[in-house]
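J.: Let me give you the structure first, and then I'll get to my questions.
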Amino acid sequence: MFYIYDTNNNLKGKYEGNYLDQLHLVGATVNEGEDSEYNISRVTNENGDEVTEEILETNARARRNTELINSDFTQLSDSPFTIEQKNLYYIYRQKLRELPEQSGFPATITWPAKPI
C-alpha cells in the first residue's frame, strides 16, 4: 500500500498495487474535477517511509523476476505450447530482461504484454 500526499501534506489517495512504478507521480498535477486540482508532493509506503528511486527499482525488479519465474515453464521442451507460442513467450521474456535498459527506468516503465 502506498499513500499519495498533496503539497499541503494532505492525504489524497492510496495506491493498493503490489508495485509502485511511477515515481513521476511526485510533482504531477491531478485533476479531480472542475475546481479540484492538486500537485503530488510525496509518496510514502505503509510505514510512512518516502518512496525513493531505489525502492522503485527494487519493486520493478521484483515484479520482473516474478514474471520471469512464472513463465519459465513456457520454454521447457515438454511445455504444452506450440513453437509459435514458445517464440512469443521467448520475446516477452527478453523484453522483461531488457526493462532496466529502458529510458526512465525505474520511474517510468513500459511493461511488455504477456502472451495469451
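The values are calculated or read from the model by the stated rules, or taken from the named source; none is laboratory data. What you are looking at is a predicted structure, and each value in this text was computed from that prediction instead of being measured. Every residue, glycine as well, gets a Cβ built from its backbone with ideal geometry; the counts of neighbours run over all protein chains shown.
Residues are listed down the side, and each one gets a yes or a no for (1) at pLDDT 75 or above; (2) closer than 30 Å to Y92 by Cα; (3) assigned to a strand (DSSP E or B); (4) not polar (S, T, N, Q):
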| site | (1), (2), (3), (4) |
| --- | --- |
| I4 | no, no, yes, yes |
| N8 | yes, no, no, no |
| R42 | no, no, yes, yes |
| E54 | yes, yes, no, yes |
| E57 | yes, yes, no, yes |
| R61 | yes, yes, no, yes |
| N65 | yes, yes, no, no |
| I69 | yes, yes, no, yes |
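J.: Return yes when E53 is closer than 30 Å to L11 by Cβ, exposed (fewer than 14 other Cβ atoms within 10 Å of the Cβ) and of a type outside the set (S, T, Y) and no when it is not.
T.: On the way: closer than 30 Å to L11 by Cβ: yes; exposed (fewer than 14 other Cβ atoms within 10 Å of the Cβ): yes; of a type outside the set (S, T, Y): yes.
Here the answer is yes, as E53 does meet what is asked.
J.: Right, another one. Kindly evaluate E32 against the criterion of being modelled with pLDDT of 80 or more and either outside any loop (DSSP other than H, G, I, E, B) or within 12 Å of the chain's Cα centre (by Cα) (or both). Give the derivation first.
T.: Details: modelled with pLDDT of 80 or more: no; either outside any loop (DSSP other than H, G, I, E, B) or within 12 Å of the chain's Cα centre (by Cα) (or both): yes.
So E32 does not fit the description; no.
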